[in-house]
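The values are calculated or read from the model by the stated rules, or taken from the named source; none is laboratory data. These numbers come from a predicted model, not from an experiment. We place every Cβ from the backbone using ideal geometry, glycine too, and count neighbours over all the protein chains shown.
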Number of protein chains: 4
Amino acid sequence: MRRRIRMGMVGGGQGAFIGEVHRMAAALDGHIELVAGAFSSDAERSKSSGADLYLNPDRVYGSYRQMIEEEAALPANKRIDLVSIVTPNHVHFEPAKLALEAGFHVVCDKPLCFDLNEAYALQKTVKETGLIFGLTHTYAAYPMVKQAKAMIAEGKLGVIKKIVVQYPQGWLSTMLESTDQKQASWRTDPSKSGIAGALGDIGTHAYHLAEYVTGLQTTSLSANVNTMVAGRKLDDDNNILLKFNNGAHGVLVASQISAGEANNLNIGVYGALGGLLWSHENPNQLIVKWSDKASQTYQTGGSGIYPIAQHATRLPSGHPEGYIEAFANIYTNVAHCIQAKLSGKTPTNHQLDFPTIDDGVRGMEFIYKAVQSGKANQDWVIL
Amino acid sequence: MRRRIRMGMVGGGQGAFIGEVHRMAAALDGHIELVAGAFSSDAERSKSSGADLYLNPDRVYGSYRQMIEEEAALPANKRIDLVSIVTPNHVHFEPAKLALEAGFHVVCDKPLCFDLNEAYALQKTVKETGLIFGLTHTYAAYPMVKQAKAMIAEGKLGVIKKIVVQYPQGWLSTMLESTDQKQASWRTDPSKSGIAGALGDIGTHAYHLAEYVTGLQTTSLSANVNTMVAGRKLDDDNNILLKFNNGAHGVLVASQISAGEANNLNIGVYGALGGLLWSHENPNQLIVKWSDKASQTYQTGGSGIYPIAQHATRLPSGHPEGYIEAFANIYTNVAHCIQAKLSGKTPTNHQLDFPTIDDGVRGMEFIYKAVQSGKANQDWVIL
Amino acid sequence: MRRRIRMGMVGGGQGAFIGEVHRMAAALDGHIELVAGAFSSDAERSKSSGADLYLNPDRVYGSYRQMIEEEAALPANKRIDLVSIVTPNHVHFEPAKLALEAGFHVVCDKPLCFDLNEAYALQKTVKETGLIFGLTHTYAAYPMVKQAKAMIAEGKLGVIKKIVVQYPQGWLSTMLESTDQKQASWRTDPSKSGIAGALGDIGTHAYHLAEYVTGLQTTSLSANVNTMVAGRKLDDDNNILLKFNNGAHGVLVASQISAGEANNLNIGVYGALGGLLWSHENPNQLIVKWSDKASQTYQTGGSGIYPIAQHATRLPSGHPEGYIEAFANIYTNVAHCIQAKLSGKTPTNHQLDFPTIDDGVRGMEFIYKAVQSGKANQDWVIL
Amino acid sequence: MRRRIRMGMVGGGQGAFIGEVHRMAAALDGHIELVAGAFSSDAERSKSSGADLYLNPDRVYGSYRQMIEEEAALPANKRIDLVSIVTPNHVHFEPAKLALEAGFHVVCDKPLCFDLNEAYALQKTVKETGLIFGLTHTYAAYPMVKQAKAMIAEGKLGVIKKIVVQYPQGWLSTMLESTDQKQASWRTDPSKSGIAGALGDIGTHAYHLAEYVTGLQTTSLSANVNTMVAGRKLDDDNNILLKFNNGAHGVLVASQISAGEANNLNIGVYGALGGLLWSHENPNQLIVKWSDKASQTYQTGGSGIYPIAQHATRLPSGHPEGYIEAFANIYTNVAHCIQAKLSGKTPTNHQLDFPTIDDGVRGMEFIYKAVQSGKANQDWVIL
């Protein structure tokens, strides 16, 4: 019998940002119940965070290691099914590996890991355990992004020739990390973020989006990797040229010093017959510009929507769905896949439509190749 | 100690639309737990609906009367705190009254009741019981609508002179109720919807929005109330002129035969110094056009946002929040007010910022006066 | 042999606004040459205005009466063909009548005349002389407005059920006429503007647009005619309900106290199958929202454009055409019709697509009926 | 005494596109009169083109050489002042040089010349003759582009850090030159267009725009120069990284295979304090996104406009000005500069604000360096 999936969270204590988003996303559709957590490496903060969340104090732990061990020891009808990892990059690998080894499915924030070796090791563990691993490339979970993917896959645009994906933010246009701003601090700290700043934080989103929407793979890149704010230790502005496996060309911009921009991820894909444009500023519409007829605007929940996009939609057309809903599409698909596993069923293709460990490894490779090209005066580097 | 609010639902069984929205909205922020329900007057359907929602079968009831009685008999630390009513208009009054009389707080869908007498009677019960009553005029719960209200209240626009509020939908532009479309059927059926169709379904939203944003009250109206689809029993297209208590003039359009429109509620308010525009098609932005300087666009979570709007915001600027989030703002405020009551505290003004029984009565009066004017060749009718 | 049309202008001297627009519009396509003018009732100002325009001083006159007389006395191969009247409302009738009686074609600014009697008299003169009379309802000359008209005429939207046309401006939201602002002064002065202010200045544009685009005729109206700025002598804010000859309902808003709005004429037309939206803020696009498929955006010069719209277009898609180009569409069509007459040919339907004396009379009737309704507590008045 | 400037045109005969634009632009403001032309190298076509334009047949010439010679022989009060060159690239240099040597001022379409040597030679001639030379980088003549330039020059955005300029078109996404499409044929023909296709046709516009708006100069570029349509002889898709003289980074995209795009030039400039966005799809607005306050939208003719932008504006806010008006801003400034020269006056800075021979040379250098980088596997090339 189908039951609600039980989740434990790693990170996301008081003062965190993305942990709260994961919780709302997991809660939204009612298929997942947060029952445990190691919300902070500070045991007191973890306890009080758990209390804020109305959790049973017995299941609020002082460390993820403790959570995984103790939950694994609970009876099957009580222990968690799923571990959600919402910590900074340097605390992805170990909890994920431990969770998988203890038999728990995982949802992990991006980028996948602190470094590429961790990524490969984790990929190995996922494959060996056969467990479900979801990565929160949220933007690819918007219904209109899925609509774009489906239209391209069906050949509506013809052969794809050009992709321009941009992710401008402005919040790091000053030396924000010299204040006590928590989000800025770890993202610009090589000991927590890894070898990249903006490349990992937002560049991987843009990169994943480009490959997800088009179904193409990049084959090489030439990256201009810049640090525009003096004193910053990692990149904050990237302008990257891409070549794709079908001969298409691309441009990827990932910048956190584009002052005034909030979170304006956008993509344009041009094929032989027309182009499509999606922007996170208007996520519920997909504009398709045709060579030979009036342009069209598809709306979330509206007419002409493909099943895979409709599957990711809760409301009738005209009722905007946002970032949390997109995030929830990943969690709900993961939950449905776990439920299918529990009942010995095969998930549908729509349920399987979420980013996985392989997307995570690919994102890490992107980071490494871009940094390599950036250091080599922007030579083309093969992916 | 603060605890999660327990909710029972009336209506919202399989195949319903708005019940699911109420559930997602109640779940989003984690302060409310759905624990009981009478999801359908058909006991079997209620049971299977409860099972879909992973509820304890013991607390899935065959009727709202049964739910209210049996829940009231449970121990205080188990029984529901709150009844959510998501049925058609003709099944608002009785469950709401019973719930209140049993000591339960209520969140009710709009319009408030089937008729005006019910509305007055329910208002009396709410006042007598002193319980919390929330009405889901969702649109007024968007952060940028609250921003608009706050800016006007502070006099940024000067004296308000003109309001244009429009709510065009197109889904009833054909005789949809002659098919088995459930949403269309009851909304166009006088025995379920009451004396009005579009007026009650969407006109009350537009009316509430105009008064909420401006802080003004309408004093009279002149309503052109039309039924444009032959054979339909209730209005589907309304064009209404309004006068406000400060001398401002207004236009209210509420139409369900505006073919091609999804759910395009929008409002323009003009004062002595400038005008502001909000549209549900872009709910995270508020445009302010000034007489003497460049126009401004405020963004949810962005710069220049007032505390009451920020209170209704979960995410940083650039992360779109949508319809469910707005809906959740009502539920979460209600939950916080119940929690305050449970712990003997006074809710904050921001927590009290949700539509109440008085807004519901006002909406019912609007319906009645509009219908009266419509029948009297659109004479001005005093509100 | 085809030749350039020679034009004389009445009004439009130094400091005027719309006269310059008429001149640019007449000059744009090269078919009309300004050769004469009575630019001001002040002979000196007329002279210096003519000098600014590089005109032969012999053909710059001290009064329109003089211009018409002396031009009529010139040889046929030299005298003007066309008189352009760009004066305030109270100086439309006489120069137009004199011009027609002298055998000159006329282009006149709107509204047609100072009062309704003048309008009927002028209509009679036009019919008797058989000369060409163009009225500058500019907005109906935009390519995308013509596209809208053509699509509706072809039945693309099905039976039209609803029209919402709004013309908000904000420039008269203060008592601007108490300064020396020339445009405000005459428009709010009953001795120059006639019985209406905003109704005549912009209401007639909105009214004409609604009838032009839909091909329908209004049969009655109910008008809320307001003066919102204390001390003003004419209306500045109008909210009008309309009934059309096919049973459609409409709303017309014409306001000059909508502070912050520049010149935001816009129209929505809804039929059985979908709706279309055009706004002067984005005049080169026409949005069509369909009931059952993705919405479309037509672009000036783009794909799917009807011949009558293409005829009004100079540039390839993506090259914005604006207000002067729309204005020029009227002048150029008038010029082509005069050329056709000179060479004994019949103008094409596309060349005949400009507002005429009959549109002018209809606009004057609209003003009168609206004022009548406004005074009668907004009773329905038959048009 | 101020008089109208007399113009002769080279190219722009029947069937041409840009010649007609030049004529409308020159005519719009009334300061220039087209009196002569060598509209085609085919004398018959030149004659009939001149007749279409109502020109005196005596001044319609069979070649530009003839026009320049015969016009130079006319008396000073009759002969042309200005030669407008609207031919393909390979016919810019010679007529321009002859015109200058004959004492005529020149307005020339872009890119400046067929090759870089011609460009340098022409620059030398302009300097030697001291005559006026205007280049039609139209986009830099839009009022809101000038507003952007003025705001940046005044330091409103702080130090500029990033520029993204894109010029996507789709009209060459098929092998259009294999049909008899005249515009496509010469632009893709190395014998007429020079060493570049899209780079010269639209890349130079984007490049000029970036430098004009920011006041910065590019110091090096790395160009991915592609031909995406098989069989085409010149580039049709370019993705270029830029470095600027103040350390800012940039991206320039110039593509004619972005199917579905019409003429969507757009630019984003980010400084320390905010960013600004201008797009040719909405040329009358300039969006400024601030780090610390609500974003602003400036409108042509609206509030907060700088004098240099107002100088380029004809109409009050809300009256869209388009491509022809921008084009006319160049012609009218050139005309005013010629008039100033004729009367021994100094032109104002606003009148001098048009692209010159130096901009033309810079554009040719851009083409050459981009092609060089593209051939060298996209190495950085110093400008």
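Listing for the model above:
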{"quantity": "Region C:49-68, residues that are out of contact with any Phe, Trp or Tyr (no Cβ under 9 Å at 6 or more places or on another chain) and either touching a residue at least 60 places away in the same chain (Cβ under 8 Å) or more than 12 Å from chain D (Cβ to nearest Cβ) (or both)", "calculated": "C:ASP58, C:ARG59, C:GLY62, C:SER63, C:TYR64, C:ARG65, C:GLN66"}
{"quantity": "Condition broken by D:ASP201, with the remaining ones in (1) over 28 Å from A:GLY275 (Cα atoms); (2) buried (at least 18 other Cβ atoms within 10 Å of the Cβ) satisfied", "calculated": "(1)"}
{"quantity": "Number of the condition not met by C:ILE330 [criteria: (1) under 19 Å from C:VAL83 (Cβ atoms); (2) in the same structural domain as C:HIS208 (by TED's automatic domain parsing); (3) hydrophobic (A, V, I, L, M, F, W, C)]", "calculated": "(2)"}
{"quantity": "Single residue of D:ALA198, D:ALA262 found to be on the phi < 0 side of the Ramachandran plot, touching a Leu at 6+ places or on another chain (Cβ under 8 Å) and not hydroxyl-bearing (Ser, Thr, Tyr)", "calculated": "D:ALA198"}
{"quantity": "Residue in region C:23-32 that is farther than 20 Å from C:TYR323 by Cβ, not acidic (Asp, Glu) and not in a helix (DSSP H, G or I) present", "calculated": "no"}
{"quantity": "Number of positions in region D:150-182 that are within 24 Å of D:ASP359 (Cα to Cα) and either of a type in the set (Ser, Thr, Tyr) or touching a Phe, Trp or Tyr at 6+ places or on another chain (Cβ under 6 Å) (or both)", "calculated": "4"}
{"quantity": "Matching residues, region B:334-355, being under 14 Å from the mean Cα position of the chain (by Cα) and over 30 Å from B:THR227 (Cα atoms)", "calculated": "B:VAL334, B:ASP353, B:PHE354"}
{"quantity": "Positions within region A:110-125 being over 30 Å from A:ASN266 (Cα atoms) and either surrounded by fewer than 18 Cβ atoms within 10 Å (Cβ to Cβ) or within 16 Å of the chain's Cα centre (by Cα) (or both), in sequence order", "calculated": "A:ASN117, A:ALA121, A:LYS124"}
{"quantity": "Total residues in region A:166-189, condition within 11 Å of another protein chain (Cβ to nearest Cβ), of a type in the set (Ser, Thr, Tyr) and part of a loop (DSSP other than H, G, I, E, B)", "calculated": "2"}
{"quantity": "Candidates B:SER46, B:SER41 - the one that is touching a Ser or Thr at 6+ places or on another chain (Cβ under 7 Å), on the phi < 0 side of the Ramachandran plot, more than 14 Å from every other protein chain (Cβ to nearest Cβ) and not in a helix (DSSP H, G or I)", "calculated": "B:SER41"}
{"quantity": "Test: residue in region A:150-165 that is away from chain D (no Cβ under 14 Å) and out of contact with any Pro (no Cβ under 9 Å at 6 or more places or on another chain)", "calculated": "yes"}
{"quantity": "Tally, over region D:133-144, of residues that are outside any helix (DSSP H, G or I) and aromatic (Phe, Trp, Tyr)", "calculated": "2"}
{"quantity": "Selection status of C:LYS156, in contact with a His (Cβ under 8 Å, 6 or more places away or on another chain), within 30 Å of B:ASN239 (Cα to Cα), assigned by TED's automatic domain parsing to the domain that holds C:HIS205 and outside any helix (DSSP H, G or I)", "calculated": "no"}
{"quantity": "For C:LEU55: the one exception among (1) modelled with pLDDT of 95 or more; (2) part of a loop (DSSP other than H, G, I, E, B); (3) in contact with a helix residue (DSSP H, G or I) (Cβ under 8 Å, 6 or more places away or on another chain)", "calculated": "(3)"}
{"quantity": "Condition met for C:LEU286 (at pLDDT 95 or above and within 20 Å of D:GLY260 (Cβ to Cβ))", "calculated": "yes"}
{"quantity": "All positions within region A:93-132 that are in contact with a strand residue (DSSP E or B) (Cβ under 9 Å, 6 or more places away or on another chain), assigned to a loop (DSSP other than H, G, I, E, B) and not charged (D, E, K, R)", "calculated": "A:ALA102, A:PHE104, A:PRO111, A:LEU112, A:LEU131, A:ILE132"}
{"quantity": "Residue in region D:67-76 that is over 20 Å from D:PRO355 (Cα atoms) and assigned by TED's automatic domain parsing to the domain that holds D:TYR212 present", "calculated": "no"}
{"quantity": "Filtered residue count, region C:265-284, keeping only those that are within 23 Å of the chain's Cα centre (by Cα) and surrounded by 21 or more Cβ atoms within 10 Å (Cβ to Cβ)", "calculated": "10"}
{"quantity": "Of residues in region C:315-332 being within 20 Å of the chain's Cα centre (by Cα) and of a type in the set (A, V, I, L, M), the one nearest to the other protein chains (Cβ to nearest Cβ)", "calculated": "C:ILE324"}
{"quantity": "Verdict on B:THR214 being among the hydroxyl-bearing types (Ser, Thr, Tyr), touching a strand residue (DSSP E or B) at 6+ places or on another chain (Cβ under 7 Å) and not assigned by TED's automatic domain parsing to the domain that holds B:PRO88", "calculated": "yes"}
{"quantity": "Number of the condition not met by B:ALA121 [criteria: (1) outside the structural domain of B:SER295 (by TED's automatic domain parsing); (2) in contact (Cβ under 8 Å) with a residue 60 or more places away in the chain]", "calculated": "(2)"}
{"quantity": "Residue among C:ALA335, C:ALA312, C:ALA340 that is touching a strand residue (DSSP E or B) at 6+ places or on another chain (Cβ under 9 Å) and more than 9 Å from every other protein chain (Cβ to nearest Cβ)", "calculated": "C:ALA335"}
{"quantity": "Strands (runs of 3 or more DSSP E) contained in region A:234-306 and holding at least 1 residues within 14 Å of chain B (Cβ to nearest Cβ)", "calculated": "A:249-255, A:266-271, A:274-279, A:285-290, A:295-299"}
{"quantity": "Single unsatisfied condition, A:GLU128 versus (1) farther than 12 Å from A:PRO355 by Cβ; (2) crowded, with 23+ Cβ neighbours inside 10 Å; (3) not hydrophobic (A, V, I, L, M, F, W, C)", "calculated": "(2)"}
{"quantity": "Region C:129-149, residues that are within 11 Å of another protein chain (Cβ to nearest Cβ) and more than 16 Å from C:LEU277 (Cα to Cα)", "calculated": "C:THR138"}
{"quantity": "Cβ pairs under 6 Å, 6+ apart, first in region D:286-311 and touching a residue at least 12 places away in the same chain (Cβ under 8 Å), second assigned to a strand (DSSP E or B) and hydrophobic (A, V, I, L, M, F, W, C)", "calculated": "D:LEU286/D:TRP278; D:VAL288/D:LEU276; D:THR297/D:ILE287; D:TYR298/D:LEU286"}
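Residue by residue, here is whether (1) closer than 14 Å to A:PRO143 by Cβ; (2) in contact with a helix residue (DSSP H, G or I) (Cβ under 9 Å, 6 or more places away or on another chain); (3) polar (S, T, N, Q) holds:
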residue: A:ASP292; (1), (2), (3): no, no, no
residue: A:THR300; (1), (2), (3): yes, yes, yes
residue: A:HIS311; (1), (2), (3): yes, yes, no
residue: A:CYS337; (1), (2), (3): no, no, no
residue: A:ALA340; (1), (2), (3): no, no, no
residue: A:LYS345; (1), (2), (3): no, yes, no
residue: A:MET364; (1), (2), (3): no, yes, no
residue: A:SER373; (1), (2), (3): no, no, yes
residue: A:LEU383; (1), (2), (3): no, yes, no
